[in-house]
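A short write-up of the structure that comes next.
What follows draws every value from the coordinates through simple rules; no lab data is involved. These numbers come from a predicted model, not from an experiment. Every residue, glycine as well, gets a Cβ built from its backbone with ideal geometry; the counts of neighbours run over all protein chains shown.
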Amino acid sequence: MEYISTRNAKNLFSFKDVFLKGLAPDGGLFVPKHVPRYTWKELKSFQNLSYNELAAKIILKFCKDEFNKKEINEIIVKSYKNFRTRDVVNIKELKEINLLELFHGPTLAFKDIAMQVIGNMYEKILKENNLKVNIIVATSGDTGAAAISAIKDRDNMKIFVLHPENKISEVQRKFMTTNNSNNVFNISIASNFDECQKFVKLMFSDKNFSNSINMSGVNSINWVRIVVQIVYYFFSYFKIAKKGKKINFSVPTGNFGDIYAGYMAKKMGLPIDKLIIATNNNDILKRVIRNGIYKPLKVHHTVSPSMDIQVASNFERLIFDICDQNSDETSKLMNDLKENGEFRLNNSYLNKIKETFISESLSDKETKSVINKIYKKEKILIDPHTAVAIGVAQKINEKTSTIILATAHPSKFSDIVIKETKTKPELPENVKNILTKKENFKKLPDDLVMIKNYILDKI
Ligand SMILES: *Cc1c(COP(=O)(O)O)cnc(C)c1O
């Protein structure tokens, strides 16, 4: 499979380039030149596969030039062996909703599913090519924890995680800061997530800096995260959909990564009707779908902090796709964003987007009320991100049956869950020890030079 950049469709890249670079040299995002499409007969043959078998089949399509079947199988098995469910994810058909629980990995958020695979791919690729890398990643709370869990104690790599000070939950922070691996560095920045993300992008585009430290990234723009996330759309479809019928997915969205994986699944032939973009008050995606204007505003802090994002980086991939891989057009829009703080989509692009996507947002008040109501009706505790996906799906009220992506375990956001339900969501047994372990992180001001110096000092 060949890959291209959204900003220049002419240069070709291999899976290995895509994996190691993270971002294309021209600042664009990597996408496959051609998306493979399954026939209905092939899809049906997936029906009875285990999660691991299905994952190996789908992921191999995208990285055949780097791994063979046996290697991918081994990577998948190794990645998921410590998940707390047999089939990696868990599907709950409740009275009124279908939940796809994606939080049974080591750090209790869906990001573990992709990150564990990436950790094992790194190990193999670095060893075979005799390389060392330094991973720098910004987190709104969950990416950092999932990345650290996937990369700690591995040879040939160090990881630096930037999180916004006091803007993530205590449990989120402790997942990152309580492991004392000597290849893990946590940096708490006195700012918000978008600023942390901006610093990472600036370090990447500073070629002197990024080349000198062999910088690599695992942020949500990382193509491999998207590939690995495609799998659970397929897996859950076969468990819920009735005989080839179309289905909707409601996805709590920040960087547009998880839902873009759903879009890929649809392009690959999975009978998906609508993909519901569920947002909190950071509703840039809802606004762009309403009026075609993509304009980041100030970040609001909400009860679903992993979605407190205004710049939905992966949206660039969708734009590239709907303008038929026109990289000049994509570059122009991205340049408008940079120069004028916004870009505008014409009606033909907008209508194409609306064929698949619908969006609504939920306020904090509404989100809390969903947590409370679901507890009363369904007798389960849900985290605020999942609540956004449920509340938005109910607001939109489509007739097609809908699968809700449950992206975090309620115990990761226990304060708000306790407040709304008077019930304490317990951390799973195998992670409880993080609550009492010593924390270790560096506080730095909102200052790129100081952050770079800290990193240079540690590598
Ligand atoms: C990261 C995250 C999201 C948003 O996912 P994107 O891929 O950035 O859209 C939603 N919920 C939780 C719990 C997350 O950690």
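Per DSSP helix of 4 or more residues, -39500 (n - 2.57); summed, then divided by the residues of the chain. What does that give at 222 nm, rounded to the nearest 500?
-14000 deg cm²/dmol
Testing the spin-label approximation: label points 7 Å from Cα along Cα→Cβ at Lys78 and Lys10. State their distance in nm.
Reported label-point gap for Lys78 and Lys10 is 4.0 nm.
How compact is the chain by the rule of thumb for globular proteins, expressed as Cα Rg over 2.2 N^0.38 Å?
Against the compact-globule rule of thumb, the ratio is 0.91.
If you stretched the chain out fully between Tyr454 and Arg86, how much longer would it get, using 0.36 nm times the residue separation minus the C-alpha to C-alpha distance?
128.3 nm
If we count every other residue with Cβ under 10 angstrom of Glu123's Cβ, Lys/Arg +1 and Asp/Glu -1, where does the sum land?
Around Glu123, the charge tally is +2.
Evaluate the Debye formula for the stretch 1-73 with equal point scatterers sitting on the alpha carbons, no solvent, and hand back log10 of I(q)/I(0) at q = 0.26 Å⁻¹, in q order, two decimals.
-1.12
For Ala190, enumerate residues with amide H under 5 Å from its amide H, sequence gap 5+ or separate chain, H modeled in the peptide plane.
Close amide H contacts, sequence-distant or interchain: Glu165, Leu444, Asp446.
Spelling out what I want: for every residue of the stretch 211-218, take phi, set θ = phi - 60°, compute 6.51 cos²θ - 1.76 cosθ + 1.60 (Karplus), and round to whole Hz; glycine and proline get x.
5, 5, 10, 6, 6, 9, x, 10
Distance in nm between label sites at Leu435 and Asp324, each 7 Å beyond Cα in the beta-carbon direction?
Those two pseudo-labels are separated by 5.8 nm.
For Lys419 and Asp446, FRET efficiency with R0 = 35 Å and r from the beta-carbon atoms, rounded to 0.05?
For Asp446 and Lys419, the calculated efficiency is 0.70.
What are the ³J(HN,Hα) couplings of the stretch 157-168, residue after residue, when phi is run through the Karplus curve with 6.51, -1.76, 1.60 and θ = phi - 60°? Round to Hz, x for glycine and proline.
After applying 6.51 cos²θ - 1.76 cosθ + 1.60, I find 8, 10, 10, 10, 10, 9, 10, x, 4, 6, 10, 10 Hz.
About its Cα centre, what dipole magnitude does the stretch 90-157 give when the only charges are +1 on Lys and Arg Cβ and -1 on Asp and Glu Cβ, stated in debye to the nearest 20?
For this selection, approximately 180 debye.
Give me the net charge for the shell around Asn430: Cβ to Cβ below 15 angstrom, other residues only, Lys and Arg +1, Asp and Glu -1.
Local charge sum for Asn430: +3.
Please list 3J(HN,Hα) in residue order for the stretch 296-303, calculated via the Karplus relation 6.51 cos²θ - 1.76 cosθ + 1.60 where θ = phi - 60°; whole Hz, with x for glycine and proline.
Using θ = phi - 60°, the values come out as x, 10, 5, 6, 8, 8, 10, 7 Hz.
Could you tell me which of the pairs Lys95/Lys352; Lys69/Lys442; Lys81/Lys127; Lys152/Lys246 are separated by over 30 angstrom between their Cα atoms in the structure shown?
Lys95/Lys352; Lys69/Lys442; Lys152/Lys246
DSSP beta bridges in the chain, what fraction antiparallel, as a percent rounded to 5?
25 percent
Quick one: compute the contact order of the chain, relative version, from alpha carbon pairs under 8 angstrom and 6+ residues apart, as a percent.
19 percent.
What are the residues whose amide H is under 5 Å from the amide H of Ile272, where those residues sit 5 or more places off or on another chain and H is modelled from the backbone?
Placed amide hydrogens put Ile247 under 5 Å from Ile272.
At a Förster distance of 22 Å, what's the computed FRET efficiency of Lys365 paired with Arg290, Cβ-Cβ distance as r, to 0.05?
That pair, Lys365 with Arg290, gives E of 0.55.
Excluding residues on the same chain fewer than 8 positions from Lys198, give the aspartates and glutamates whose Cα lies under 13 Å from its Cα.
The reachable aspartates and glutamates, counting only those whose Cα sits under 13 Å from Lys198, are Asp206, Asp446, Asp447.
Measuring from centroid to centroid over Cα atoms, what is the spacing of the stretch 219-289 and the stretch 57-113 in Å?
15 Å
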